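One structure is given here, and the rest of the page talks about it.
The values are calculated or read from the model by the stated rules, or taken from the named source; none is laboratory data. Here the structure is a predicted model, which is why all the values come from computation and not from measurement. Cβ atoms come from the backbone with ideal geometry, glycine included; neighbour counts cover every protein chain shown.
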Amino acid sequence: MTSRSSLYLLNSIVSGPQEVLFTFLIFIISTHLGATPFQLMIMASLKPITSLFSFYASTLLHNNPHRTRLYLFINTFIGCLPCFFFPFINNVWYYLASFALFMITMRASYPAWVEILKNQFDVPKMSLIVSRGSSIQFGIMIFLPLIIAHWIDAEPSIWKWLFTAAALLKMLSILLISCIKMKIDVVASKTTKPPLNLHTLFVDPLSKGWSLLKTNPHFSHYLILFFIGGAGIVGSQSILPLFFKQDLKLSYTKLAMAFSFCKGISFIATAPFWAKFQARKSLYLLNCYVNFFTCLFFGLLLASNFGIFWLYPAYLFYGAMRSGCDLSWNMSGAVFSRKEESFAYSSMNLALVGIRGVICPFLGYLLFSFSNANVVFSLAFVLTALGILYGLWLDRAKTPKLAKI
């Protein structure tokens, strides 16, 4: 295996524990710190909203590939820094801010890694490497929560030190990044760079993104499909902790079994299938199947009201959905950019996820305020079903034209 792909996979290993712990943070602050429904809604919306900040951060790499390693250095350090103070702070808002900073830096690094891999591998090989990296992280998600869940149930305060330990491990990424040897690190762009001001930092990226969408309608259709398909999942995220705590009354151990073990096993098991599927079929059809698994997840989530055992197959389908979704999201920039630089396409993915995060969690929370979790899950099911139909139409109507480009 080549050094660049090895470094990418090693980075997935050292980054995995921190990402898993931050995934569980919304449940931790709900149980141990008494976070309010409003704070949970804020946290659920932060994950996608921070993609807007990641979008602006990633635009620093456009026509500046020589900055890639320094960019990744800074991202890693900033994302880890707040975790070193976790044992000494007992404030929900601090943890929300730390989560936001972690998500910004994690997602802002995504376009850089995509371009690093794209400079050496073709799309099918890239797809396999990205799939393996995601499988590694979800392998960590399977076993780490099963180990720490008993500790947190027995000793609630230990979770703060776990975050610190995970941040120390993540700092090893800096050593891995320093080993990357690529041409784009030494070949600076020869284009004239405009002076930095508010317009170039905030307005220009949006106008360039809009121009990209107008000149590449196939990519625009993909973003709309991705928006619709994920809207239900994003809109229900702030509701799930309350549903698990108040309706299902889950312990950390039961939650780890469903949320991590079942989801992780399914993610890893289906990752090779998604990688092979993506190499042969369109991303439109791939997202159609992703939306199908999302519908199954919401259907079984509703069934868990009648028995907790339904929660486990629900998260098996969630894991399959997430595996395909992650691959689609990570590969779309490389697929639609073709021989162009992929930074702009990957950045637009971040912008779309951020816009969706501004809208959907608040709508889900508002609906929950006037009804209950089951209504939110039901509407999410209907919205995702519409995504299935839209994906099928795109695959039949747009894929033949895309293949001719």
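Annotations for the structure displayed:
- Evaluation of V123 against the conditions (1) at pLDDT below 85; (2) within 18 Å of F22 (Cβ to Cβ) shows that the sole unmet condition is (2).
- Any chance F293 is in contact (Cβ under 8 Å) with a residue 24 or more places away in the chain, more than 29 Å from F219 (Cα to Cα) and not aliphatic (A, V, I, L, M): no
- Among the candidates F226, F293, residue that is farther than 20 Å from I142 by Cβ, assigned to a helix (DSSP H, G or I) and within 19 Å of the chain's Cα centre (by Cα): F226
- When G229, G324, G307 are screened for being more than 20 Å from P48 (Cβ to Cβ) and among the small types (G, A, S), only G307 passes.
- Helices (runs of 4 or more DSSP H) fully within the range 328-405 counting 2 or more residues that are modelled with pLDDT under 85, surrounded by 15 or more Cβ atoms within 10 Å (Cβ to Cβ) and at positive phi: none
- The range 296-308, residues that are closer than 15 Å to I388 by Cβ and surrounded by fewer than 20 Cβ atoms within 10 Å (Cβ to Cβ): L296, G299
- D326 falls short on exactly one of the conditions (1) farther than 22 Å from I136 by Cα; (2) acidic (D, E); (3) within 15 Å of the chain's Cα centre (by Cα), and that condition is (1).
- The range 296-321 - residue that is without any contact (Cβ under 8 Å) to a residue 24 or more places away in the chain and part of a loop (DSSP other than H, G, I, E, B) and, of those, farthest from I268 (Cα to Cα): F306
- Counting only residues that are closer than 23 Å to F292 by Cβ, of a type outside the set (A, V, I, L, M) and in contact with a Phe, Trp or Tyr (Cβ under 7 Å, 6 or more places away or on another chain), the range 347-383 holds 4 of them.
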